[in-house]
Amino acid sequence: QVQLVESGGGLVQAGGSLRLSCAASGSIRSINAMGWYRQAPGKQRELVATIFSGGRTNYADSVKGRFTISREYAKNTVYLQMNNLKPEDTAVYYCNADILSGATITYIGYWGQGTQVTVSS
């Protein structure tokens, strides 16, 4: 069984910073891409950033230059450093990872439980 556990959300003033973490655990053989999505009230879930197994990254236009995704391969952990936060960044942030576990023969996407980020103006 595979689990993704997120941490690091909270309340911050506009212009402030937060760092999210997401650790994958369980019977993991390999992880391909890891990423962060967010969902604001009344809106669809959207991609924030992705980091692939080779280190290539991809960002939503709305966060480029402010957010940085990184990965600690030995710990199966992905981070999202969020700087210069804006009220429109307020959302529940979800971790996602494509994982090959001991029980499967293909990579499967797993989701974390979500962590709330609230940015006050």
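The values are calculated or read from the model by the stated rules, or taken from the named source; none is laboratory data. Just so it is clear, the model here is predicted, and its values are computed rather than measured. No Cβ is skipped: glycine too gets one built from the backbone with ideal geometry, and neighbour counts run over all protein chains shown. Surface areas here come from the heavy atoms of the whole protein model, side chains and all, with no ligands, DNA or RNA. Shrake-Rupley method; radii C 1.70, N 1.55, O 1.52, S 1.80 Å.
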With a 1.4 Å probe and every protein chain left in place, work out the accessible area per residue of the chain in Å², rounded to a whole number. 52 Å²
Let me spell out the model: positive unit charges on the Cβ of Lys and Arg, negative unit charges on the Cβ of Asp and Glu, origin at the Cα centre of the chain. What dipole size does that give, in debye rounded to 20? 120 debye
State the dimensionless ratio Rg/Rh of the chain (Rg: radius of gyration of Cα atoms; Rh: Kirkwood radius). 0.98
What is the set of long-range amide H partners of residue 114 at a cut-off below 5 Å, with H atoms built 1.01 Å from backbone N? 6, 95
Which one, 84, 55, 15, is farthest towards the positive end of the dipole of the chain when Lys and Arg carry +1 and Asp and Glu -1 on their Cβ? 55
Roughly to the nearest percent, how much of the accessible area of the chain is carbon and sulfur, given a 1.4 Å probe? 47 percent
Please report the relative contact order for the chain, taking Cα pairs under 8 Å with a sequence separation of at least 6, and give it as a percent rounded to a whole number. 36 percent
Top mean-square fluctuation among 61, 98, 89, Gaussian network model of the chain, C-alpha springs under 10 Å? 61
